[in-house]
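A short write-up of the structure that comes next.
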Amino acid sequence: MTKVKTTFFCQNCGTQFSKWQGQCNSCEEWNTIAEEVIQKTEKVAWKSSETLDKRVAKPQKIVDISTSADARINTQNIELNRVLGGGLVPGSLTLLGGEPGIGKSTLMLQVALQMPYKTLYVSGEESPQQIKMRAERIYPNSSNCFILTETKTQNIFRQIEAIHPNIVVIDSVQTLHTDNLDSSPGSISQIRECASEFIKFAKETGTPVVLIGHITKDGNIAGPKILEHMVDTVLQFEGDPNHVYRILRAQKNRFGSTNELGIYEMQSNGLREVDNPSEILISKNEEDLSGTAISATIEGLRPLMIEIQALVSTAVYGTPQRSTTGFNAKRLNMLLAVLEKRAGFKLGVKDVFLNITGGITVDDPAIDLAVIAAVLSSNIDIAIDKSICFAAEIGLAGEVRPVTRIDQRIKEAEKLGFTSIVVSKYCNLPKSKNPINIIKITKVNDVVNYLFD
Ligand code: TYD
Ligand code: MG
């Protein structure tokens, strides 16, 4: 009888240990080391007769290695292509992570259904009937998409050999298990082993593979950190499940920039690509409402006009409440302190609520000025003219600081019909004559004077 072999893995970073210990030496996390059965048998992962001979790689001159311009596979999904840097690269492994219910399965099923190639969608989470029901809503007539409900990699590879798909989607990597290991699906060693089998398969056959991955409470992809090192591209699908907008961004991309961003809207028939996000994120209210200000921000590489809403009211209880959605609460506190100290507004006794519409989260410091404008507008209950937008950072001394890519922001504001944009005096403004009126300010007091005097 063979002895059961076990090893200890850090559940956080995937480091292997021969015995249990309290703290991981590698990532220094406590209580993350767990025992897993690994008992290895002979490795028969991806093995095909045709590819066996090609296995032995020989060094070749870099000039002799051919790449063609049309090497990328068009996914028929403009936003996904953009985030991938132009399309799927043959033989690449892409990991798509995101919170449960955000729409990872929907997105990949939609892509699998729409592509004009033979696609295989492997699901370990849903039955073929469930997938069919979903597919009927999204894209009813697809003849190229195959569905397989299987979790054992050896069986998946057998089916792949039978139908030769051009693209493989695995939903999800946490449900996979391989016969080579005895540990349970979802464990560190299983995830790592299954992923490496698919990497081998992808590289040897040139078939792109997309792995869907679950994420942990703190937003990282569940499983070993090394999974992210193993794959070529890591995509993150995020958004507020209570809102309809979803953002797809690349965390790592071996074949393109990580600054690109894809925006989707969840509808009853799947995810719709949003090519002009600014127009939707700004509400089309006719009346002038106090407490709203529009900021020209940059998300990744895309300029976006977003609406900020503030509500300032007298605190009912002793401690005033500060609550934000889509904006850093600490940053709001800092901006309120600046307003109090540098502009003399007594906001310490007021409740302040701040909301970025559309359910998106913005880290761009360039929205500071719009946040201040919205807070002041709500405080004195005077609406800000709808044709004005803002793009500047606020410093602790109450100074208005320049922000990056001001020309892109100004262009986007122009495109959407704004007549004025408030920026820092120290911006490197484009030389060309702008049809938009650029208002240059240096201190927070200037914005108060400009807007409300
Ligand atoms: P799903 O793709 O199952 O999420 P994940 O795989 O990331 O866990 O998406 C589930 C949500 O998407 C679900 O709450 C319902 C919503 N949805 C729609 O609004 N419209 C649709 O056409 C589909 C398929 C899903
Ligand atoms: Mg899913």
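The values are calculated or read from the model by the stated rules, or taken from the named source; none is laboratory data. Remember, it's a predicted structure, so these values are computed and weren't measured experimentally. Backbone-built Cβ (ideal geometry, glycine too); neighbour counts: all protein chains shown. We work out accessible area using only protein heavy atoms, side chains counted, and drop any ligands, DNA or RNA first. Shrake-Rupley method; radii C 1.70, N 1.55, O 1.52, S 1.80 Å.
Remark: pairs (first residue in region 85-112, acidic (D, E); second residue more than 10 Å from ligand 2 (Cβ to nearest atom); Cβ separation under 9 Å; 6+ apart in sequence or on different chains) = E99/I215; E99/G219; E99/F237; E99/E238; E99/G239; E99/P241. Here K411 passes the criteria (1) part of a helix (DSSP H, G or I); (2) modelled with pLDDT of 90 or more; (3) open to solvent by 10 Å² or more (accessible area, probe 1.4 Å) except the one numbered (2).
Go through region 378-408 and count every residue that is in a loop (DSSP other than H, G, I, E, B) and of a type in the set (D, E, K, R).
Start the filter on region 378-408 by keeping residues that are in a loop (DSSP other than H, G, I, E, B), which leaves 381-387, 392, 395-398, 402-405.
Among the residues that remain, those that are also of a type in the set (D, E, K, R) are: 381, 385-386, 405.
Summing the residues that are in a loop (DSSP other than H, G, I, E, B) and of a type in the set (D, E, K, R) in region 378-408 gives 4.
With the requirement that a residue be open to solvent by less than 10 Å² (accessible area, probe 1.4 Å) and over 13 Å from the mean Cα position of the chain (by Cα), what does region 214-242 give you? Answer for region 214-242, where residues must be open to solvent by less than 10 Å² (accessible area, probe 1.4 Å) and over 13 Å from the mean Cα position of the chain (by Cα): P224, L227, V231, D232. If you go through region 263-292 one residue at a time, how many are open to solvent by 70 Å² or more (accessible area, probe 1.4 Å), part of a loop (DSSP other than H, G, I, E, B) and more than 16 Å from ligand 1 (Cβ to nearest atom)? Going through region 263-292 one residue at a time, the tally reaches 6. Screening Q130 against (1) at pLDDT below 90; (2) surrounded by fewer than 17 Cβ atoms within 10 Å (Cβ to Cβ); (3) within 12 Å of ligand 2 (Cβ to nearest atom) leaves a single unmet condition, (1). Residues of region 250-262 that are in contact with a helix residue (DSSP H, G or I) (Cβ under 9 Å, 6 or more places away or on another chain), open to solvent by less than 60 Å² (accessible area, probe 1.4 Å) and touching a residue at least 60 places away in the same chain (Cβ under 8 Å): A250, N253, G256, E260, L261, G262. Residue pairs whose Cβ atoms lie under 7 Å apart, sitting 6 or more positions apart in sequence or on different chains, and linking a residue in region 440-453 that is closer than 16 Å to S290 by Cα to a partner that is of a type in the set (G, A, S) and part of a helix (DSSP H, G or I), are V447/A373; V448/A343; L451/A373.
The lone criterion from (1) out of contact with any strand residue (DSSP E or B) (no Cβ under 6 Å at 6 or more places or on another chain); (2) open to solvent by 50 Å² or more (accessible area, probe 1.4 Å) left unmet by Q309 is number (1).
The condition (being aliphatic (A, V, I, L, M), in contact (Cβ under 8 Å) with a residue 40 or more places away in the chain, open to solvent by less than 10 Å² (accessible area, probe 1.4 Å) and in a helix (DSSP H, G or I)) is satisfied by just one residue among V352, V375, V362: V375.
Taking the numbered list (1) polar (S, T, N, Q); (2) more than 21 Å from Q309 (Cβ to Cβ); (3) out of contact with any Asp or Glu (no Cβ under 8 Å at 6 or more places or on another chain) in turn, N434 passes all entries but (3). Scanning region 328-349 for residues being closer than 30 Å to R405 by Cα and surrounded by fewer than 19 Cβ atoms within 10 Å (Cβ to Cβ) gives a total of 11.
For residues in region 97-127 being among the small types (G, A, S) and more than 12 Å from ligand 2 (Cβ to nearest atom), which is surrounded by the fewest Cβ atoms within 10 Å (Cβ to Cβ)? Before you say what the answer is, go through the steps one by one.
So in region 97-127, the residues among the small types (G, A, S) come out as 97-98, 101, 103, 105, 112, 123-124, 127.
Add one more test, that the residue is more than 12 Å from ligand 2 (Cβ to nearest atom), and what stays is 112, 127.
Details: A112: 29, S127: 11.
Step by step, filter region 97-127, then rank; the result is S127.
Among the residues making up region 133-156, those that are surrounded by fewer than 16 Cβ atoms within 10 Å (Cβ to Cβ) and of a type in the set (K, R) are R137, K152. Of the residues that make up region 221-236, is at least one under 22 Å from A366 (Cβ atoms), modelled with pLDDT under 85 and not aromatic (F, W, Y)? No, that holds for no residue.
Suppose the filter is in contact with a Gly (Cβ under 6 Å, 6 or more places away or on another chain) and among the polar types (S, T, N, Q); does N220 pass it?
Values: in contact with a Gly (Cβ under 6 Å, 6 or more places away or on another chain): no; among the polar types (S, T, N, Q): yes.
The answer is no for N220.
Take region 419-440 and flag every residue that is open to solvent by less than 20 Å² (accessible area, probe 1.4 Å) and more than 16 Å from I298 (Cβ to Cβ). Result: S420, V422, I436. Within region 348-368, being more than 18 Å from the chain's Cα centre (by Cα) and modelled with pLDDT of 90 or more holds for K350, D351, V352, F353, L354, N355, P365, A366, I367, D368.
Given the criteria assigned by TED's automatic domain parsing to the domain that holds I441, more than 10 Å from V423 (Cβ to Cβ) and touching a residue at least 24 places away in the same chain (Cβ under 8 Å), does I410 qualify?
Numbers: assigned by TED's automatic domain parsing to the domain that holds I441: yes; more than 10 Å from V423 (Cβ to Cβ): no; touching a residue at least 24 places away in the same chain (Cβ under 8 Å): yes.
For I410, the condition - assigned by TED's automatic domain parsing to the domain that holds I441, more than 10 Å from V423 (Cβ to Cβ) and touching a residue at least 24 places away in the same chain (Cβ under 8 Å) - is not met.
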